[in-house]
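One structure below.
The values are calculated or read from the model by the stated rules, or taken from the named source; none is laboratory data. Please read all numbers here as calculations on a predicted model, not as lab measurements. Cβ: placed from backbone, ideal geometry, glycine included. Neighbour counts: every protein chain shown. Side chains included, ligands, DNA and RNA excluded: accessible areas come from the protein's heavy atoms. Shrake-Rupley method; radii C 1.70, N 1.55, O 1.52, S 1.80 Å.
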Amino acid sequence: MAQAKLPGWVNAGLIPALNLLTAFAVSGLVILAMGENPMTAFGYLIYGAFGYGEAVGYTLFYATNFIFTGLAVAVAFHCYLFNIGGEGQAYLGGLGIGLVCLYLGDLPFWAVLPLTVLGGALFGAAWAAVPAYLQARRGSHIVITTIMFNFIGSSVMTWLLVDRLKRPGSQLPETSHFPEQTWMPKVHELAAQFGLDLARSPVNLSLLIALLCCVGVWLFIWRTRWGYEMRAVGKNPEAAVYGGISPAKAIMVSMLLSGALAGLMGLNELMGVQHRVIINFTNGCGFVGIAIALMGRNHPLGIVLASLLMGALFQGGAELAFEMPTITRDMIWTIQGFVILFTGALEHLYRPRLERIFGRGEAEVAP
Amino acid sequence: MTELLTQLVLTADATLRISTPLILAALAGLCSERAAVIDIGLEGKMLGGAFTAATVSYLTGSAWLGLICAVLACLGLALLHGFACITHKGNQVVSGMAINIVVAGLAPTLGHAIFHINGDTPPLPSGARFTPLTLPGADLVRDVPVLGSLYSELLSGHTLLTYLTFALIPAVSFMLYKTRFGLRLRAVGENPEAVDTAGISVEWLRYRAVLIAGALCGLAGASLSTALGASFIRDMTAGKGYLALAAMIFGKWRPGLTVTACLLFAFTDALQARLQGVELPLVGEIPVQFIIMLPYALTVVLLAGFVGKVVAPKADGIPYVKER
């Protein structure tokens, strides 16, 4: 194949970097069109994301959300399923986590934590189960059904938060505060116990859980039978059937796991910072997960790197919007959209040219 | 009895109004997917069209200029989609999602930069938007029982864009099934190799299909912000692009069935506006959130197999790579 001609570092390093640079260049043009200096803007963005301890903490905090949703999209994608429902699955997963914290929050933290992980995963997986079943057995379009489940989930959660779970006496659609022992310990609090003085920030123990999930997903996809069956169905369903694999089962497994991973996002956002279930706490992270998975080439390591980049964009973007009033936080979405476009849909933009530059030597070696 | 009839006519009237952008977007998706290019980006293109139409109409005071610019903007987005999916053979779903996200961010960003009010556009004065037209004689026959109210309430009193939309339905159908271009467009979605063998450019055909979709999205967007509403509001498409896509899938990629599905969605939407706060027999008052999710739930239920087996155009979503 044409792709094999390129050296590994060009394929995995140079091409994504060029695509990313193009996305930023186009975003820079938009900023220029609004009458601001793009270089100054990117300066604020980078300083806002990495310039000081607190900023780094916020970047890592956002990145944690994205690792969960990015992994979710990637797991489904290995089975060639486009899970656009990460948003709804994360939202419902948050409900599961919230219910555990609200009703079982009197238990000690070491007992609550596994229960919340279970609650978030179960509710997230349940929200992915219907689209998964419809895809596996009825052949309906998973892209459409997961999108519809985002809308349905949003309505259900609004109803619950307004009608059923609202904190008594409050005007806001949110639950009561979780008991204090269910709050996820923050990294600077943990560090203080070892005598380290880190800047205060919302980054918390969930980051570690997210990284453990990365390892778990890697093991699952490339080291287990279920993972193998999933990838086989993703590559070629007909061949998989011939090999004795049930595509329907593989679809169910990958979608349920995907939903479960998305559902864990609430660990970071709700138990880490909000300490209650609020309306729309997912704030588009489910959609960002699609970008994360694409940029990270559906590999856990790539997903961690992509999440760091997106986390930096979110945190730096907030600083940028503060320093340059012309540019609002919506600009982050624009930049992100361009990143998806150039790293995802237009990933082959530079490939032919690079093949001409780097491919020649090896093409002669090949028989 | 007349009370019920009035309610029915008013709901049907609202259905026609609400269905306008939905039908336009669904026809757009249909043209694109019949040529095998998946268009998840309907949502973003519609939003872009809505923003352009409202902005240009406000700045120039002309709804027509707004409409033209909305179509041009959506043609631009369609070209981008085509460049990614047809020329560079990129993933079509990803490209569509990217367009949705870019526009969802860009429209309020530009809106804020131009008008300095929170990303929306200011309300449009009546000259800068499409206002309802009264069909000839509508006022005369208003008092004639049944037929009079049907004519004056249901058929009359829509904007030009609604009438244009219902004229476009047979036009698109004719284009697809009765013209040589339509035949080739459908062929390129089923068997691009055959089209290529016949010496016709697969890429150029697909570009044209995508551009037609873009133009229709422009009309859909303009109808949202300058006919149904009177300004651009952030996220005003609110999933209509995805709903249009679902309608197209129910409609089995056929114009007549697709439009029927659009009307069904629009009807549930019109119904939910009327059901809010109403006590129903047996069930009592339904929480408003459940009424809002009616069209989405209906989509899932219908997709679960009540529409029979759905067969997409054979090459849908597959970039064409010429054999060498």
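I'd like to verify a number: residues in the range A:337-351 that are part of a loop (DSSP other than H, G, I, E, B), within 7 Å of chain B (Cβ to nearest Cβ) and either touching a residue at least 24 places away in the same chain (Cβ under 8 Å) or buried (at least 22 other Cβ atoms within 10 Å of the Cβ) (or both), how many? Looking only at that region, the number is 3. Please specify each residue of the range B:188-210 satisfying the condition of being part of a helix (DSSP H, G or I) and without any contact (Cβ under 8 Å) to a residue 12 or more places away in the chain. Result: B:A194, B:V195, B:T197, B:W204. Looking only at residues of the range A:323-336 that are within 18 Å of B:N100 (Cβ to Cβ) and open to solvent by 40 Å² or more (accessible area, probe 1.4 Å), we find that the one that is farthest from the other protein chains (Cβ to nearest Cβ) is A:R329. Can you tell me which residues in the range A:113-143 are β-branched (V, I, T) and within 20 Å of the chain's Cα centre (by Cα)? Matches in the range A:113-143: A:T116, A:V117, A:I142, A:V143. Looking only at the range B:212-227, decide whether some residue is surrounded by fewer than 20 Cβ atoms within 10 Å (Cβ to Cβ) and of a type outside the set (A, V, I, L, M). No, there is no match, as no residue in the range B:212-227 is surrounded by fewer than 20 Cβ atoms within 10 Å (Cβ to Cβ) and of a type outside the set (A, V, I, L, M).
Residues that are surrounded by 13 or more Cβ atoms within 10 Å (Cβ to Cβ) and over 25 Å from B:L216 (Cα atoms) within the range B:140-169 comprise B:V141, B:R142, B:G148, B:S149, B:L150, B:Y151, B:S152, B:E153, listed in sequence order.
Here the condition is being hydrophobic (A, V, I, L, M, F, W, C), open to solvent by less than 20 Å² (accessible area, probe 1.4 Å) and either over 23 Å from A:N283 (Cβ atoms) or within 14 Å of the chain's Cα centre (by Cα) (or both); of A:A232, A:A262, A:A239, it holds for A:A262 alone.
For A:F151, the test of being closer than 30 Å to B:P295 by Cα and either outside any loop (DSSP other than H, G, I, E, B) or within 14 Å of chain B (Cβ to nearest Cβ) (or both) is passed.
Inside the range B:270-304, residues that are open to solvent by 60 Å² or more (accessible area, probe 1.4 Å) and touching a residue at least 24 places away in the same chain (Cβ under 8 Å) make up a count of 3. Using the structure shown, decide if A:V56 is farther than 30 Å from A:L134 by Cα, touching a residue at least 24 places away in the same chain (Cβ under 8 Å) and either outside any helix (DSSP H, G or I) or more than 13 Å from chain B (Cβ to nearest Cβ) (or both). In short, yes.
Here is a yes/no grid of residues against (1) facing chain A (nearest Cβ under 9 Å); (2) open to solvent by less than 70 Å² (accessible area, probe 1.4 Å):
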| position | (1), (2) |
| --- | --- |
| B:F83 | yes, no |
| B:H88 | yes, yes |
| B:A104 | yes, yes |
| B:T121 | no, yes |
| B:A128 | no, yes |
| B:A138 | no, yes |
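Against the list (1) surrounded by 19 or more Cβ atoms within 10 Å (Cβ to Cβ); (2) modelled with pLDDT under 90; (3) under 22 Å from B:V93 (Cβ atoms), the condition B:A230 fails is (3). Note on the range A:33-49: among residues that are part of a helix (DSSP H, G or I) and of a type in the set (G, A, S), the one that is nearest to the chain's Cα centre (by Cα) is A:A49. Among the residues of the range A:19-33, the ones that are away from chain B (no Cβ under 14 Å) and crowded, with 16+ Cβ neighbours inside 10 Å come to 0 in all. Within the range B:55-68, restricting attention to residues that are open to solvent by less than 40 Å² (accessible area, probe 1.4 Å) and in a helix (DSSP H, G or I), the residue that is farthest from the other protein chains (Cβ to nearest Cβ) is B:A63.
Here A:L320 meets the list (1) within 11 Å of chain B (Cβ to nearest Cβ); (2) buried (at least 21 other Cβ atoms within 10 Å of the Cβ) almost entirely, failing just condition (1). Quick one: how many residues across the range A:241-280 are touching a strand residue (DSSP E or B) at 6+ places or on another chain (Cβ under 7 Å) and among the basic types (K, R)? Looking only at that region, the number is 1. The single condition among (1) without any contact (Cβ under 8 Å) to a residue 40 or more places away in the chain; (2) within 22 Å of B:G48 (Cα to Cα) that B:P170 does not meet is (2). The set of residues in the range B:1-54 being surrounded by fewer than 22 Cβ atoms within 10 Å (Cβ to Cβ), touching a residue at least 60 places away in the same chain (Cβ under 8 Å) and of a type in the set (D, E, K, R) consists of B:D13, B:R17.
Would you mention how many residues in the range A:204-224 are free of Cβ contacts under 8 Å to residues at least 12 places away in the same chain and exposed (fewer than 14 other Cβ atoms within 10 Å of the Cβ)? Residues meeting the conditions: 6.
In the set (1) under 30 Å from B:L42 (Cα atoms); (2) away from every other protein chain (no Cβ under 12 Å); (3) open to solvent by 30 Å² or more (accessible area, probe 1.4 Å), the condition left unmet by A:P114 is number (1). Do we find a residue being over 14 Å from A:N268 (Cβ atoms) and open to solvent by less than 80 Å² (accessible area, probe 1.4 Å) anywhere in the range A:194-203? Yes - at least one qualifying residue is present in the range A:194-203.
Taking A:D106 as the residue in question, decide whether it is among the acidic types (D, E), within 14 Å of another protein chain (Cβ to nearest Cβ) and either out of contact with any Leu (no Cβ under 6 Å at 6 or more places or on another chain) or in a loop (DSSP other than H, G, I, E, B) (or both). For A:D106, the condition - among the acidic types (D, E), within 14 Å of another protein chain (Cβ to nearest Cβ) and either out of contact with any Leu (no Cβ under 6 Å at 6 or more places or on another chain) or in a loop (DSSP other than H, G, I, E, B) (or both) - is not met.
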